[in-house]
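Visitor: My structure is below; once you've seen it, I'll send some questions.
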Amino acid sequence: MSRFSRRDFLITTAGAALASGMAGPALAGLETPKRGGTLIGTWGGFEPQSLFVPPGGGSSPYFTSTKVLERLIRLTVDLKFEPVLAVDIKPSADFKSYTIKLREGVTWHDGNAFTADDVVFNAMQYWKPISAGVSLDALEGAEAADPLTVVLKFKAPVPEFFLKSVLAGKSGLVIPKHIYAGSNIITNPINNAPIGTGPFKVKEWVRGSHVEYLRNEKYWNPGLPYLDRLVIRWWRDPASRAAAFEAGQLDIGTFNPIPMPDIARLTSGGKFIAETKGYSNSAWVTTIEFNQRREIFKKREVRQALMQAIDRQFIADTVFFGRARPSIGAVASSNSIFFTKDVQDYPFDVKKAEKILDAAGFPVKGGSRFKLSLVSAGWFEENIKIGQYVKQAFEDLDITVDLAVPDRATSLKRIYSDYDYDVAISNNSGSVELIPSTTQYYTTDGIVKGAAFRNATGYSNPKLDEIVAKMTVETDEPKRVALAKDFDRLATIEAPLLPMVDLEPVTIVRSDVRNHSATADFMGESWAELWLDR
Amino acid sequence: MLNLAIDFARRFARNRAALIGLLLVIVVVGVALAAPWLFPRNPLRIVGRPEIWPFVNSRYPLGTDSLGRDIAAMIAYGARTTLLIGLCASLTATLIGITIGATAAYFGGWIDEMLMRFTELFQTIPNLIFVLTIVSILGQKIEYVTVAVGIVTWTPIARLTRAEFMALRDREFVQACRAMGMGNLRIMLGEILPNALPPVIVLSSLVIAGAVLFESAVSFLGLGDPNVSSWGRLIGDGRTLIRTSWYICAVPGLAIMITVLALNLVGDGLNDALNPKLRDR
Amino acid sequence: MNRIVLRRLAQVIPLVLAVIVLNFVLIHLAPGSLFDVMTAEQQISDPAMLDQLRHTYGVDQPTWVQLAKYIWSVMRLDLGFSYRQNAPVLNVIMDQLPATVILMLAATSVALLVGVTAGVLASVRVNTIWDNLISLAAVFFFAAPSFWLGIMMTVLFAVKLGWFPVGGIRTIGAGNGPFADALDVMHHLVLPATALGLFYAATYARVMRASMLEVFRLDFVRTARAKGLSPARVVLAHVMRNALLPIVTLLGLQLGTILGGSVVIEAVFSWPGIGSLLFDSVMSRNFPMVLGVLVLGSLLVAVANATVDLLYLRLDPRIRAR
């Protein structure tokens, strides 16, 4: 039996369990949860521009909005789908339509009932045009069969794992129709104090400081949430966050909240834990990208040689203090469904890289093989160090390097709008499902001038496009996995861009906080099950 | 002229603190000049194990940073960058400041009014934000950081120059020059400026110190030039390690402090030596 | 007196206009636009959606039209809408302005109190160990980068000693009435205000010392002493009052820069003020927000300058006669 049918089984049984009142998260501990208390959380970044940014808006609004807005289903830490607002999602025999059964007795924070109309509105007015974009290109229509049943209709067959990933992913938040209908969803003022079905209600957002949530007393899952109050607070400086932990003013911080060297110091006393689970559905990698518009990089050997010139273990050990791994192939190693080791390997070997470059027609002339501009995107502090290291690594091959580490806006502009770089160092976070979050970096239709975080190298290969096109409509999961591995192998040999290191983000959490990090994207989870053992 | 210089030196030397400051400045300049001989390799090269503490390994007397780069080498080369930024920014600021201040005071009237409003405009915009904006427009090159710092620090110089020129422009010797039919430019540069210069020079020496601090703040916020070694960048890089390897911040922090202190002492000494009226009063 | 205030206020209008034009042009010259940043953050690639957003944000119009529209709306006292925050600019600023004003006032008070006291002490005990110590401290605080000082103070006073909170402006959910809240804010204020204030205190101490020494030499001080007034009275009532003038000038000049100087301190202490907002907005090219802050900032500086002028009148009656 493949893992996929097992998962189908799980989703139905879990749904039944929840429906019969045996509620509880998959990884609930053996202890009896305690009710009450205030949890203060943060993450390794800044305050969001708005508590909810309908088209996405990055990790920060995603963190704040997901405590209020829920999705139909969610992905657990062992990559199984669990019901949230939907109790069951079933494809038709031809995979061109899906029937969604919704949970009964769910109400919005303002008291209105959550119904099939809401989901129809979301599918056609929010997900397809605004949040999911190309992922839902095939979606043709949605209709409410009855108040708790929605049918989604597609132009082409849609793989089940793919659709469920979209619904459980960043773009699948369910917003209230009665508030958004007829307004511009993106600029609706309610986005600064969103109303949802989630376990927490927004009480107050003090800009520049924190947002305070109160327990939703009418949450559909009786007994949850365990917390009375949740506060998300922002510090701009990682060292200040470490100090806040130590001073007892912070309980949990996701996505590398504190300087990495401080992790050992903080966790040694047993008062804090460093947790690496809960990030598999947003696998962050640092990539190196070779601009195909430059003559030098049209030669595949040159790209491969430069890959071999970089000691990625050094980057993982020194820049990330061991909180990263050298990447293998184009798919993150934390992706237990699609990852394969069976791809071209690029071990650190300067001599070999030199030989390849000599053979490719780039010998050392006048002390230099060629000159290139290296742009390291300045949104992560580590990229400064990686840029400096990669510059040195290329200089060891007698390549002249001009390094720039521009600020966020300039980096976006140079890499994704103007394509003004020879080699770029960037980042992306891929979901477990590879389409489109991973594939769009390699496919021809991923080239969209001015749209960030996709194919900026200009690489185009009909063979690769074809594999991805097949994957898009392949509904047999084992066959789909095989296609994904073909894609990975081809992308890795071609190397227009490749991940250099897979980051291993850490959640720092006080040891008396329980039931955290149980889903594949913990930061974007509702946190209803968290409780405090105090 | 020689007599004047000797007189000046004697007055400067009377201030012991200023002498110490001068000595420190000379040491910093010496280190900056000698950097290529002391550390022949590129200071940004990774040479050893990361985070070696100072005075532990004799090859890296001041230790290594989080990537394993030699802090001593970065400090020595950083002295070049820092001094260059300080000097050039101060020069830029002084040039702009004198031009605007002198023009405003000499011509007076609506020109004065316009230029003073212009000066006020620059005083209104928060300095650091202005520097950041300029750096993000021009790019993160050390030259542009310098220019940006120069552009935001000229206003006090302009005001001071204006005040000095105001006091001097109606003096007899200036009127005599006018009567002789001297051109405006010649009067301004040849006659008034030399007399107005001493307090301006003192202020300029303080602007150098300010520029050094500005650069460190820009680097702290992550907008420095990644291709050169500078003290500010070293602090910026080291600030995530402030709790574990605090020396990475402390060493360049001390270097900045000593330099700024020395420049201040020299500035005081210049003040005493150039404005004897003040002292003897 | 009214004439001075009126004159000051009349100067504000061209100043604000110039601030707008200068910064509008600067932000538009910078590579990357608000639109790039927003669409990148939102991961939007659909060309139709991009066009729709361009229209929503008003960036499909020529730059000069955007500028003209902006000036027109400022003239109607409307600072515009920030699509990034999805809220009117004025609302966002007003949310964060009080924190910065409190911090500025507290830091200025610390600077004045410490600076003037130190300066007076140094001048009274001129050329003694006190004088040298104060000079040394002044140079130390002037030369130490403020973020470094801030982090070090946090480590010592908040983490090791636990005397003060590590950051923020209020204990969350403390709501125990206005008096307790005010105490709570003051408790949070101590470290950031000190870290920011000490830098300015260093300057004030030096200026105060020099200015005191100068006034000591003036004739009227000799007269006062000859009249048999107590040394303390001479220092406090006669010398200090006159020596304060340069400090007032300095204060007026620095009010504008303190707004920018707080960027770094606000970052270290996660103070919910305008500095971080301004920094973020520059970084995301969010020009309505940057311009909004700067326009309000220039108004603030203008008001501050008018206040300084009035203070001058009080301190130095000769100006009134002129």
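Visitor: Select from the range C:199-235 the residues that are of a type in the set (Gly, Ala, Ser) and within 12 Å of chain B (Cβ to nearest Cβ) and write down the one among them that is surrounded by the fewest Cβ atoms within 10 Å (Cβ to Cβ).
Guide: Looking only at the range C:199-235, we keep the residues that are of a type in the set (Gly, Ala, Ser), and these are C:201-202, C:205, C:210-211, C:224, C:226, C:228, C:230, C:232.
Those still in the list that are within 12 Å of chain B (Cβ to nearest Cβ) too: C:202, C:210-211.
Details: C:202: 25, C:210: 18, C:211: 20.
Among those that are of a type in the set (Gly, Ala, Ser) and within 12 Å of chain B (Cβ to nearest Cβ), it is C:210.
Visitor: Moving on to the next point. Among the residues in the range A:323-339, are any under 20 Å from the mean Cα position of the chain (by Cα), crowded, with 22+ Cβ neighbours inside 10 Å and under 23 Å from residue B:65 (Cβ atoms)?
Guide: Within the range A:323-339 (the criterion being under 20 Å from the mean Cα position of the chain (by Cα), crowded, with 22+ Cβ neighbours inside 10 Å and under 23 Å from residue B:65 (Cβ atoms)), the answer is yes, since at least one residue qualifies.
Visitor: Here's a follow-up. Please determine, by comparing only the residues of the range A:219-250 that are among the aromatic types (Phe, Trp, Tyr) and out of contact with any Leu (no Cβ under 7 Å at 6 or more places or on another chain), which one is most open to solvent (accessible area, probe 1.4 Å). I'd like the intermediate steps shown before the answer.
Guide: First pass over the range A:219-250, keeping only residues among the aromatic types (Phe, Trp, Tyr): A:219-220, A:226, A:234-235, A:245.
Filter once more, so that each one left must be out of contact with any Leu (no Cβ under 7 Å at 6 or more places or on another chain): A:219-220, A:234-235.
On the way: A:219: 22, A:220: 42, A:234: 10, A:235: 1 Å².
It comes out as A:220.
Visitor: May I ask you to verify whether residue A:171 is among the hydroxyl-bearing types (Ser, Thr, Tyr), within 14 Å of chain C (Cβ to nearest Cβ), in a helix (DSSP H, G or I) and surrounded by 18 or more Cβ atoms within 10 Å (Cβ to Cβ)?
Guide: Values: among the hydroxyl-bearing types (Ser, Thr, Tyr): yes; within 14 Å of chain C (Cβ to nearest Cβ): yes; in a helix (DSSP H, G or I): yes; surrounded by 18 or more Cβ atoms within 10 Å (Cβ to Cβ): yes.
Answer is yes for this residue.
For (1) open to solvent by less than 50 Å² (accessible area, probe 1.4 Å); (2) more than 17 Å from residue B:154 (Cβ to Cβ); (3) not in a loop (DSSP other than H, G, I, E, B), each residue gets a yes or a no:
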residue	(1), (2), (3)
B:52	yes, yes, no
B:60	yes, yes, no
B:84	no, yes, yes
B:91	no, no, yes
B:104	yes, no, yes
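Visitor: If I filter the range A:97-117 for residues that are away from chain C (no Cβ under 13 Å), under 23 Å from the mean Cα position of the chain (by Cα) and not β-branched (Val, Ile, Thr), do I get at least one hit?
Guide: Step one: filter the range A:97-117 for residues away from chain C (no Cβ under 13 Å), giving A:97-117.
Of the ones still in play, those that are also under 23 Å from the mean Cα position of the chain (by Cα) are none.
The answer is no, given that none of the residues of the range A:97-117 is away from chain C (no Cβ under 13 Å), under 23 Å from the mean Cα position of the chain (by Cα) and not β-branched (Val, Ile, Thr).
Visitor: Also, quick follow-up: Residues in the range A:372-413 that are touching a residue at least 40 places away in the same chain (Cβ under 8 Å), in a helix (DSSP H, G or I) and away from chain C (no Cβ under 14 Å): how many?
Guide: Qualifying residue count, the range A:372-413: 8.
Visitor: Filter the range B:139-151 for residues that are more than 9 Å from chain C (Cβ to nearest Cβ) and open to solvent by 10 Å² or more (accessible area, probe 1.4 Å); which is modelled with the lowest pLDDT? Spell out the reasoning first.
Guide: Step one: of the range B:139-151, the residues more than 9 Å from chain C (Cβ to nearest Cβ) are B:140-151.
So of that shortlist, the ones also open to solvent by 10 Å² or more (accessible area, probe 1.4 Å) come out as B:140-144, B:146-147, B:151.
On the way: B:140: 78, B:141: 81, B:142: 82, B:143: 84, B:144: 86, B:146: 87, B:147: 87, B:151: 86.
Only one residue fits best here, namely B:140.
Visitor: Further, regarding this structure: Can you work out which of the residues in the range B:62-80 that are in a helix (DSSP H, G or I) and open to solvent by 20 Å² or more (accessible area, probe 1.4 Å) is farthest from the other protein chains (Cβ to nearest Cβ)? Break it down stepwise before answering.
Guide: Taking the range B:62-80 and keeping what is in a helix (DSSP H, G or I), we get B:71-80.
Applying the additional criterion that residues be open to solvent by 20 Å² or more (accessible area, probe 1.4 Å) yields B:75, B:77, B:80.
Details: B:75: 15, B:77: 14, B:80: 18 Å.
This residue is B:80.
Visitor: I would also like to ask the following. Residue B:226 versus (1) more than 10 Å from chain C (Cβ to nearest Cβ); (2) within 26 Å of residue A:390 (Cβ to Cβ); (3) assigned to a helix (DSSP H, G or I): which is the lone unmet condition?
Guide: (3)
Visitor: Does residue C:39 satisfy being open to solvent by 20 Å² or more (accessible area, probe 1.4 Å) and of a type in the set (Ser, Thr, Tyr)? Write out each step before concluding.
Guide: Numbers: open to solvent by 20 Å² or more (accessible area, probe 1.4 Å): no; of a type in the set (Ser, Thr, Tyr): yes.
So residue C:39 does not fit the description; no.
Visitor: Do the conditions hold for residue A:228, that is, is it closer than 19 Å to residue A:34 by Cβ and either within 7 Å of another protein chain (Cβ to nearest Cβ) or modelled with pLDDT of 90 or more (or both)? Break it down stepwise before answering.
Guide: On the way: closer than 19 Å to residue A:34 by Cβ: yes; either within 7 Å of another protein chain (Cβ to nearest Cβ) or modelled with pLDDT of 90 or more (or both): yes.
Yes, satisfied.
Visitor: Next question, about the same structure. List the number of the failed condition for residue C:72; all other conditions in (1) under 24 Å from residue A:184 (Cβ atoms); (2) open to solvent by 60 Å² or more (accessible area, probe 1.4 Å); (3) within 13 Å of chain A (Cβ to nearest Cβ) hold.
Guide: The one condition residue C:72 does not meet is (3).
Visitor: Restricting the range A:428-463 to residues that are small (Gly, Ala, Ser) and in a loop (DSSP other than H, G, I, E, B), which is farthest from residue A:415 (Cα to Cα)?
Guide: Taking the range A:428-463 and keeping what is small (Gly, Ala, Ser), we get A:429-431, A:437, A:446, A:450-452, A:456, A:458, A:460.
This time we only want the ones that are in a loop (DSSP other than H, G, I, E, B), so: A:431, A:437, A:450-452, A:456, A:458, A:460.
Working: A:431: 22, A:437: 17, A:450: 9, A:451: 10, A:452: 8, A:456: 7, A:458: 11, A:460: 17 Å.
Looking at residues that are small (Gly, Ala, Ser) and in a loop (DSSP other than H, G, I, E, B), I get A:431.
Visitor: Pick from B:17, B:13: which is surrounded by 16 or more Cβ atoms within 10 Å (Cβ to Cβ), assigned to a helix (DSSP H, G or I) and not hydroxyl-bearing (Ser, Thr, Tyr)? Explain how you work it out, then say what you get.
Guide: Working: B:13 fails: surrounded by 16 or more Cβ atoms within 10 Å (Cβ to Cβ).
One residue alone meets the criteria, B:17.
Visitor: Would you point out the residue of the range B:211-223, among those that are more than 9 Å from every other protein chain (Cβ to nearest Cβ) and out of contact with any Phe, Trp or Tyr (no Cβ under 9 Å at 6 or more places or on another chain), that is nearest to residue B:87 (Cα to Cα)?
Guide: By that ranking, first place goes to B:211.
Visitor: Restricting to the range A:184-220, give me the number of residues that are more than 11 Å from chain C (Cβ to nearest Cβ) and free of Cβ contacts under 8 Å to residues at least 12 places away in the same chain.
Guide: 1
Visitor: Mind checking which pairs have a first residue in the range B:107-125 that is of a type in the set (Lys, Arg) and a second that is open to solvent by 50 Å² or more (accessible area, probe 1.4 Å), Cβ under 8 Å, 6 or more apart or different chains?
Guide: From residues that are of a type in the set (Lys, Arg), the pairs are B:117/C:14.
Matching residues to (1) at pLDDT 80 or above; (2) not in a helix (DSSP H, G or I):
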| residue | (1), (2) |
| --- | --- |
| C:148 | no, no |
| C:151 | no, no |
| C:168 | no, yes |
| C:173 | no, yes |
| C:191 | yes, no |
| C:195 | yes, no |
| C:198 | yes, no |
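Visitor: Of the residues A:416, A:442, A:421, which single one is hydroxyl-bearing (Ser, Thr, Tyr), in contact (Cβ under 8 Å) with a residue 12 or more places away in the chain and away from chain C (no Cβ under 14 Å)?
Guide: On the way: A:416 fails: away from chain C (no Cβ under 14 Å); A:421 fails: away from chain C (no Cβ under 14 Å).
When all the criteria are applied, what remains is A:442.
Visitor: Okay, next question. Going by the conditions given, is residue C:26 facing another protein chain (nearest Cβ under 10 Å) and at pLDDT 80 or above? Walk me through it before giving the result.
Guide: On the way: facing another protein chain (nearest Cβ under 10 Å): yes; at pLDDT 80 or above: no.
Considered against the rule, which asks whether it is facing another protein chain (nearest Cβ under 10 Å) and at pLDDT 80 or above, residue C:26 comes out as no.
Visitor: Which members of the range C:97-126 meet the condition of being surrounded by fewer than 23 Cβ atoms within 10 Å (Cβ to Cβ) and within 11 Å of another protein chain (Cβ to nearest Cβ)?
Guide: C:97, C:98
Visitor: Taking into account only those residues within the range A:35-66 that are over 20 Å from residue A:509 (Cβ atoms) and aliphatic (A, V, I, L, M), which is nearest to the chain's Cα centre (by Cα)? Outline the logic, then answer.
Guide: Here is the first cut: in the range A:35-66, the residues over 20 Å from residue A:509 (Cβ atoms) are A:46-58, A:61, A:65.
The next check asks that each one be aliphatic (A, V, I, L, M); those that pass are A:51, A:53.
Working: A:51: 18, A:53: 16 Å.
The qualifying residue nearest to the chain's Cα centre (by Cα) is A:53.
Visitor: If you scan the range A:445-469, which residues turn out to be open to solvent by 20 Å² or more (accessible area, probe 1.4 Å) and more than 14 Å from chain C (Cβ to nearest Cβ)?
Guide: A:458, A:460, A:461, A:462, A:463, A:465, A:466, A:467, A:469
Visitor: Scan the range A:286-299 for residues that are open to solvent by 10 Å² or more (accessible area, probe 1.4 Å), in contact (Cβ under 8 Å) with a residue 12 or more places away in the chain and within 24 Å of residue A:377 (Cβ to Cβ) and report the count.
Guide: First, the residues of the range A:286-299 that are open to solvent by 10 Å² or more (accessible area, probe 1.4 Å): A:292-296, A:298-299.
From the residues that got through so far, the ones that are in contact (Cβ under 8 Å) with a residue 12 or more places away in the chain too are A:292-294, A:296, A:299.
In the following step, the residues that additionally are within 24 Å of residue A:377 (Cβ to Cβ) were identified as A:292-294, A:296.
Selection size over the range A:286-299: 4.
Visitor: Moving on to the next point. Taking the range B:111-137, which residues are away from chain C (no Cβ under 13 Å) and either in contact with a strand residue (DSSP E or B) (Cβ under 7 Å, 6 or more places away or on another chain) or not charged (D, E, K, R) (or both)? Before you say what the answer is, go through the steps one by one.
Guide: Our first condition is that a residue be away from chain C (no Cβ under 13 Å); within the range B:111-137, this holds for B:111-112.
Matches in the range B:111-137: B:111 only.
Visitor: Residues A:177, A:164: which one is open to solvent by less than 20 Å² (accessible area, probe 1.4 Å), away from chain C (no Cβ under 14 Å), among the basic types (Lys, Arg) and in contact with a helix residue (DSSP H, G or I) (Cβ under 9 Å, 6 or more places away or on another chain)? Full working, then the answer.
Guide: Working: A:177 fails: open to solvent by less than 20 Å² (accessible area, probe 1.4 Å).
Exactly one of A:177, A:164 is open to solvent by less than 20 Å² (accessible area, probe 1.4 Å), away from chain C (no Cβ under 14 Å), among the basic types (Lys, Arg) and in contact with a helix residue (DSSP H, G or I) (Cβ under 9 Å, 6 or more places away or on another chain), namely A:164.
Visitor: Taking the criterion of being among the aromatic types (Phe, Trp, Tyr) and at pLDDT 75 or above, would at least one residue in the range C:301-322 satisfy it? Working first, answer last.
Guide: Taking the range C:301-322 and keeping what is among the aromatic types (Phe, Trp, Tyr), we get C:312.
Still in the running and at pLDDT 75 or above: none.
Within the range C:301-322 (the criterion being among the aromatic types (Phe, Trp, Tyr) and at pLDDT 75 or above), the answer is no, since none of the residues qualifies.
The values are calculated or read from the model by the stated rules, or taken from the named source; none is laboratory data. The model shown is predicted, which means the values in this text are computed figures rather than measured ones. Please note: Cβ atoms are built from the backbone with ideal geometry, for glycine as well, and neighbour counts cover all protein chains shown. Please note that ligands, DNA and RNA were not included when accessible areas were found on the heavy atoms of the full protein model with its side chains. Shrake-Rupley method; radii C 1.70, N 1.55, O 1.52, S 1.80 Å.
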